Each structure stands twice: as C-alpha cells, then as structure tokens.
Amino acid sequence: MGDRESDTRSGLMTPRPWTQQHPDQLPAGRHGLSRDFVAQSQRGRILDALVASVAEQGYPETRVTDLIARSGVSRKTFYEHFADKEECFLAAYDASVSLLMTGVTTAYEREEEWVDAIRAALAAFLGFLAEHPDLTRLCIVEVHAVGARALARRDAAVRGFFYFLDAGRADAPRALPGLTAEAVTGGMYEIVYGRVLRGLTSELPRLLPELMYWAVLPFLGHDVAVAELERLRQSSDELGVAAVGAGGRADGRTSGDGAQLVAVPPRRSGRRPGSKRRDDPPAS
Amino acid sequence: MQFLVVKGEVTHYPRAMQMTPVDDNPDTHDLSPEDFSLWAKKNRFFRAMAAAVARAGYGETAVADILREAGMSRRTFYELFEDREDCFLQAFDAALERVRALVGAAYHEAGEWVDLRGRVELGLGAFLGCCASEPELARMCIVEVLAAGQRARERRDAAVLEFASFIEHPRAEARGAAAPSLVSEAIAGGIYGIVYARIARGETATLPGLLAELMDSGLGQLVDGGDG
C-alpha cells in the first residue's frame, strides 16, 4: 500500500493525558491517577493498537497477541476490556463512526440551506477520511472481513447518512422514491471504497465537486448539480488543490477532538446574501 | 448469429433471459460435442455451488457439499477446477459474461425506437430480471463474493467498474463533458448497494419491482433530456 500515514501515533482512541507528552503508556508505579482514568487509558491504547494492526496487516491476520504487544497491556487486562478480537474491533468501529458522525453532523447543522449543509457535511466527511487513513481503512474496507455483527454495524452507520440527504426532498421539484438516499449513499461508499483500496485516501477531498454533483443530481436535477460542480471546481482551483488535499494536517495539529476534524472548510460562493457565516480565511 | 458491441469487443449473445444456460442455449451451438460436454459439466457444478453457497454461505461450503448437490464425482470436479475458489471464480465469470450479454442486448436492441432513458431502463431491467430469475447465482455473485477471498473481491470490484463504464455510454450521450465520469461509478455503486441489501435480506424477488425507483434515484436525472 505504499507509504501510508498512520493516525494512531496521535492516540486517537486514547484520552488526552494530563500533559502534552506522548500519551502512550502510563507511568509505572504509584501515579495517583484514578482507576477510571487508568482503565480508560488502557482501553484506548488497546483500541489504538487494533486500529494500527488492522491497518497494517488486515483484520484476519491481527491476533490478540499483537494487540497486547502493541498496547503494552497484559493479556488479563485485554480480556477484562474485551471478550475477544471481534469485540475489540466493534468497539473501535463504533468509536470511529461516532467521531466521524460528530464532525459531519456539526458541519451539516451549521448551515441553513440544504445544499450548503450537504456541501459542508460532505467536505467534513472527506476531510475526516483523508486525515485518518487507518480509521478509514478499518471502517470502509476491513469491516467486511469481520463477520455478521460488523456488517450490521456498517449497515446502521450507512443508514445514518440518509437523514442528511433525505432533508433534500423538501427542495426537490417532484416526489422522489424512498430509496434515493440509499442510492446516493451507496454510490459515495463505492467511490470511497475504491479509492481507499487503491491507497488514495488522502486524495478524497479533491472529489468534493464531483461528489456534490452526485449528491445534488437526484434531488435538484442536472442543471443545479452542474452549477454546484462548476462553482466548486472554480473555488478549488482558486484555493489550490494541494491545500485542499492536505486538509488541516499541515499545521501539525493533533486530531484528538472530533469537532476539529472538519479539515476542509465549505467553500462558499457568497452568492446568497442571507447566509450566516462569513469570511472563511482562504477565500478572502 | 447476431452481434453487439460492448466496450469495443464484438460478442455474440444468447436470447434466453437467464443467467445460467439451458440446454437450447445458443451459446453452445458452435461447440463441439466434447466442448459441450465440458461446458455442461462445469455449469452443473456452478449451479450446485450456487445452491450450496446460498444455503450455508461460502465460508461453510466444502467441495463435498458441491459434489453432493451436483451428483458428480470428486475426480470430475478436480479435472475441471483447481479448488473450491477456482470453481467459485469460474462460476462468477460465467454468470457475469451472461449478464453482460443480456444487459447489452436489452440496451442496444431497442435501437432508435426507444429514447435514451428508455434504453437505459431496458438495460437495468434486464439486470434486475437476471437477479430475480436466478436468485441463488445472484446471491453468490453479489453477496457471497465479498466473503470468498481476495481474488473474488477483486472480481466484484472489477464488475462494478465495468457496470460503471457501461453507464458511461448513456452519460456521455446525454450530457457529454458536463456531467463528471465519477457519477457513473456512483450510480453503479448505488445500484450495487441496493441490490446487495435486498438479496442479503432475502428479497431478491422484489428487485424487478424497484426498476422505476432506481431510475428516479439519479440515473434517470442523468440521462433525461439526452436525446438531442
């Protein structure tokens, strides 16, 4: 898979420690930390180990032994937290999806108009994936290799996106069939899946214009979708595609907070006088 | 023999609207008796595999189950296939070839008589019809293919991309450069996802009834008004 960036160095699943030092292992001996904090930290380290291990060698090849070695917890501790490898995977999956959905929902709810909200949500979605290639691989690809319970989780997670899209029905010129949101989401999934498999996760934010065309097309038709596409292409040209692709990672900020994961700001045309938030720094 | 062009290749196509061959399948008319016998044996294994996999899933299906289902000997199986995976992949390829021909025929055959949207609808309808008429094969090729290992996964990925490249024809005809190519991939993936979910839930028979809804969920908006 070429050179992949790892997002587990930042300890995404590990609660932020009390200092800025590397958040991996807790100090040995007496440390005055609460039992809960220790447990949470252990659990987080195991989850981080799972994410890293699954990204490196795939779920089927990942052994509990690997997770123990990587996280530095004892076997006993591992089994205190998780019944088995699958449980551990499901916990990491749930945590990842919850981080992702927090970012997407926050972006979506900042906007009033549906098209703006979808654009913001989609940009947040793609930005999150690009910023967290290991979590992305786990959620998009490896989830298929785990079993029925993971697949049920995946289906539920995918359905979580229907809500954002279905709001577009109100703006549609005619009634749309019930499965439109499912079709749009499934199409997005396939495209993301293909890029992740080919090791192009970091390029995903560049697809925003074309994916917005797809999201808008069934609801508002080709003409509106093309206008959106052209506008986004133009503004990404202005911003410089490289900057979009790099997302928010260039500043070296750690990624522990779901709300900060909105890497790609929604690019606005400024054409609607009524919109609330102004002055995205890159556009001005 | 009639011909049609799919992606620049001339392919002859059968008329029977089924994914697996029947005895009067015109595909087999040019075969020598030896080749026909080989073809018939393989198809018997393909069907048996689809039936066994539909019952127990690919992971739980052993070669012995396929033999029992087919009523054929282990020796014959290993004359034709290297192993279980090889049988699966060959069955997948054979089914895909048939679907490709049937969908291509439905799309092209109507010619000038039907507008672009109508032709796309005929093609998609043919695909949904294939799934409904062969539910076991459909389950094997669309759902179980994800559980059958790396090579099977790659076959599925390639098939979805081929489906997308097929949608590229009407997309280009209707919208030219205005609509991005990526939308064809999105449409193919969206339809795959919907078909996958229905088959996984055991609702394969409902697929042909979803034609109008699938058309109105993006594909129709893409090709509408593209008959200039």
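What follows is calculated from the coordinates using simple rules that are stated; it is not laboratory data. Fair warning: this is a prediction, and the values are worked out from it, not measured in the lab. Because the Cβ atoms are built from the backbone with ideal geometry, glycine has one as well, and the counts that use them run over all protein chains shown.
Values computed for the structure shown
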| quantity | calculated |
| --- | --- |
| Packing rank of A:125-131, B:74-80, B:149-155, where each peptide gets the mean count of other beta carbons within 10 Å, highest leading | A:125-131, B:149-155, B:74-80 |
| Karplus (6.51, -1.76, 1.60) ³J(HN,Hα), θ = phi - 60°, over region A:175-186, in Hz, Gly and Pro reported as x | 5, 10, x, x, 8, 4, 4, 5, 5, 5, 5, x |
| Euclidean distance between Cα centres, region B:101-117 to region B:44-90, Å | 35 Å |
| Cα→Cβ-extended label distance, 7 Å offset, between B:E60 and A:D84, nm | 1.5 nm |
| For region B:110-217: rounded, prolate or oblate by the Cα gyration tensor [a/c cutoff 1.5] | oblate |
| Per-pair calculated FRET efficiency, R0 = 35 Å: A:A152 and A:D36 via Cβ, rounded to 0.05 | 0.70 |
| Burial ordering of B:W39, B:W113, A:W114, fewest other beta-carbon atoms within 10 Å first | B:W113, B:W39, A:W114 |
| Kyte-Doolittle mean at least -1.0, axial Cα span of 24 Å or more - DSSP H helices of chain B | B:33-56, B:84-109, B:116-133, B:150-175, B:182-200 |
| Cleavage-rule hits (trypsin sites (Lys or Arg not before Pro)) in region A:67-168: DSSP loop, at most 11 neighbouring Cβ within 10 angstrom | none |
| Part-to-part distance (alpha-carbon centres) for region A:181-214 and region B:197-225, which is given in Å | 20 Å |
| Peptide A:210-221, shielding by other chains (average Cβ, 10 Å cutoff) | 5 |
| Within region B:168-195: backbone nitrogen closer than 18 Å to the A:A227 label point (7 Å, Cα to C-beta) | B:178-180 |
| Debye, to nearest 20: dipole size of region A:122-180, +1 on Lys, Arg Cβ, -1 on Asp, Glu Cβ | 240 debye |
| FRET efficiency for B:Y78 and A:H144, using Cβ-Cβ distance with R0 set to 25 Å, rounded to 0.05 | 0.25 |
| Within region B:158-200: backbone nitrogen closer than 16 Å to the A:R174 label point (7 Å, Cα to C-beta) | none |
| Inter-probe distance in nm under a simple model that places probes 7 Å from Cα toward Cβ, at A:K76 and B:A40 | 6.9 nm |
| Simple spin-label estimate for B:S165 and A:D237 in nanometres, 7 Å along Cα-Cβ | 3.0 nm |
| Mean-position separation - Cα centroids, region B:129-147 and region A:75-95, in angstrom | 34 Å |
| Magnitude of the charge dipole, region B:101-156, Cβ model with Lys/Arg +1 and Asp/Glu -1, debye to 20 | 340 debye |
| Overall form of chain B per C-alpha gyration tensor (a/c, 1.5; a/b vs b/c) | prolate |
| Normalised contact order of region A:35-82, rounded percent, pairs of Cα under 8 Å and 6 or more residues apart | 38 percent |
